[in-house]
């Protein structure tokens, strides 16, 4: 793989299974958890007392950006925040496509700075 992460390939990988909201959110959470442990926080909880735990929120810290996805009742809300020293300066709501693009770009920038992140993204693209 080239030293720079292929943004189109990364975005396509993140969009896999996007036709089914629940499958998309579960798949994205799983890919990101496995690929970027420590930078990704996935929050799961039950909708019923004995029901399965499902992903309700994903938070990804990528350098000076924090990306968050919230899922409920078949809808997805996504935001991107700018950070400085761990403090949120500004948060903006994005549609899912723009959020995935911004996340891909932020992860690619991190990959240029960190060999560990680059290797993790390469594993994501191989899956």
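The values are calculated or read from the model by the stated rules, or taken from the named source; none is laboratory data. What you see is a predicted model; the values in this text were computed from it and never measured. Ideal geometry is used to build each Cβ from the backbone, glycine not excepted, and the neighbour counts take in all protein chains shown.
Filter the range 71-83 for residues that are out of contact with any helix residue (DSSP H, G or I) (no Cβ under 7 Å at 6 or more places or on another chain) and modelled with pLDDT of 90 or more; which is nearest to residue 54 (Cα to Cα)? The selected residue is 77.
Can you tell me which residue is surrounded by the most Cβ atoms within 10 Å (Cβ to Cβ) among those in the range 57-70 that are in contact with a helix residue (DSSP H, G or I) (Cβ under 9 Å, 6 or more places away or on another chain) and over 13 Å from residue 28 (Cβ atoms)? Only one residue fits best here, namely 62. Taking every residue in the range 55-84 that is on the phi > 0 side of the Ramachandran plot and touching a residue at least 24 places away in the same chain (Cβ under 8 Å) and pairing it with any residue that is surrounded by fewer than 17 Cβ atoms within 10 Å (Cβ to Cβ) and not in a strand (DSSP E or B), at least 6 positions away or on another chain, the pairs with Cβ-Cβ distances below 9 Å are 63/109; 63/113; 74/21; 74/22.
Would you pick out the residues in the range 32-62 that are closer than 20 Å to residue 109 by Cα, outside any strand (DSSP E or B) and touching a strand residue (DSSP E or B) at 6+ places or on another chain (Cβ under 8 Å)? Of everything in the range 32-62, those that are closer than 20 Å to residue 109 by Cα, outside any strand (DSSP E or B) and touching a strand residue (DSSP E or B) at 6+ places or on another chain (Cβ under 8 Å) turn out to be 32, 33, 36, 39. Given (1) surrounded by fewer than 16 Cβ atoms within 10 Å (Cβ to Cβ); (2) within 18 Å of residue 25 (Cβ to Cβ); (3) touching a strand residue (DSSP E or B) at 6+ places or on another chain (Cβ under 9 Å), where does residue 74 come up short, assuming only one miss? With respect to (1) surrounded by fewer than 16 Cβ atoms within 10 Å (Cβ to Cβ); (2) within 18 Å of residue 25 (Cβ to Cβ); (3) touching a strand residue (DSSP E or B) at 6+ places or on another chain (Cβ under 9 Å), residue 74 is out only on (3). Among the conditions (1) without any contact (Cβ under 8 Å) to a residue 24 or more places away in the chain; (2) farther than 16 Å from residue 32 by Cα; (3) surrounded by 16 or more Cβ atoms within 10 Å (Cβ to Cβ), residue 92 misses just one, which is (3). For the range 26-44: of the residues being surrounded by fewer than 17 Cβ atoms within 10 Å (Cβ to Cβ) and either within 12 Å of residue 56 (Cβ to Cβ) or modelled with pLDDT of 90 or more (or both), which is farthest from the chain's Cα centre (by Cα)? Filtering the range 26-44 for residues that are surrounded by fewer than 17 Cβ atoms within 10 Å (Cβ to Cβ) and either within 12 Å of residue 56 (Cβ to Cβ) or modelled with pLDDT of 90 or more (or both), the one farthest from the chain's Cα centre (by Cα) comes out as 44.
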